[in-house]
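**Student:** Okay, handing you the structure first.
The values are calculated or read from the model by the stated rules, or taken from the named source; none is laboratory data. All values reported here derive from a predicted model rather than from experimental measurement. Here Cβ is always computed from backbone atoms with ideal geometry, including for glycine, and neighbour counts include all displayed protein chains.
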Amino acid sequence: MDSTDFYLAPMTMSYFFLEALEDNGYAFPKGWRSHQQNVEALLEDGKIVRINVDATNKVVVEDITAEVSSA
């Protein structure tokens, strides 16, 4: 996966998603994209995370770097 796949500017990401990244100890995003019903972000440290809102309205951040690199 190329960094150009994450074509949306970091500052256009929802504040709630940026806050969730910070609360979970992740770096600031270099870019992001909408993927199905989730948001995927490429972080400054090279990790790729999936961000979604679960059934209880909690914002969940999941590191998917290994999943994406093996695809």
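**Student:** Is at least one residue of the range 46-58 surrounded by 11 or more Cβ atoms within 10 Å (Cβ to Cβ), of a type in the set (S, T, N, Q) and in contact (Cβ under 8 Å) with a residue 12 or more places away in the chain? Can you show your working first?
**Tutor:** So in the range 46-58, the residues surrounded by 11 or more Cβ atoms within 10 Å (Cβ to Cβ) come out as 47-53.
Still in the list and also of a type in the set (S, T, N, Q): 52.
If we keep only those that are in contact (Cβ under 8 Å) with a residue 12 or more places away in the chain as well, we get 52.
Checked the range 46-58: at least one residue is surrounded by 11 or more Cβ atoms within 10 Å (Cβ to Cβ), of a type in the set (S, T, N, Q) and in contact (Cβ under 8 Å) with a residue 12 or more places away in the chain.
**Student:** Here is a further query. If you go through the range 29-71 one residue at a time, how many are among the small types (Gly, Ala, Ser) and within 17 Å of LEU8 (Cβ to Cβ)?
**Tutor:** Let us first name the residues in the range 29-71 that are among the small types (Gly, Ala, Ser), namely 31, 34, 41, 46, 55, 66, 69-71.
Narrowing the set further to residues that are within 17 Å of LEU8 (Cβ to Cβ) leaves 31, 34, 41.
The qualifying residues number 3.
**Student:** Do any residues in the range 21-36 that are farther than 12 Å from ILE51 by Cβ have Cβ atoms under 8 Å from those of residues that are of a type in the set (A, V, I, L, M) and surrounded by fewer than 13 Cβ atoms within 10 Å (Cβ to Cβ), where the two are at least six apart or on different chains, and which pairs are they?
**Tutor:** Listed pairs, sorted by first residue: GLY31/ALA9.
**Student:** Out of the range 46-65, which residues are over 18 Å from GLY31 (Cα atoms) and small (Gly, Ala, Ser)?
**Tutor:** Residue satisfying the conditions is ALA55 alone.
**Student:** Among the numbered conditions (1) surrounded by 11 or more Cβ atoms within 10 Å (Cβ to Cβ); (2) modelled with pLDDT under 90; (3) part of a helix (DSSP H, G or I), tell me where THR4 comes up short.
**Tutor:** Going through the list (1) surrounded by 11 or more Cβ atoms within 10 Å (Cβ to Cβ); (2) modelled with pLDDT under 90; (3) part of a helix (DSSP H, G or I), THR4 breaks only (1).
**Student:** Let me ask you something else. State which residue is farthest from ASP5 (Cα to Cα) when the search covers only the range 46-66 and only residues that are of a type in the set (Val, Ile, Thr) and either under 8 Å from the mean Cα position of the chain (by Cα) or not in a strand (DSSP E or B) (or both).
**Tutor:** THR56
**Student:** Provide a single number: the residues in the range 8-45 that are part of a loop (DSSP other than H, G, I, E, B) and surrounded by 10 or more Cβ atoms within 10 Å (Cβ to Cβ).
**Tutor:** The first filter runs over the range 8-45 and keeps only residues part of a loop (DSSP other than H, G, I, E, B), leaving 9, 13-14, 24-28, 36-37, 44-45.
In the following step, the residues that additionally are surrounded by 10 or more Cβ atoms within 10 Å (Cβ to Cβ) were identified as 9, 13-14, 24, 26-28, 44-45.
The total comes to 9.
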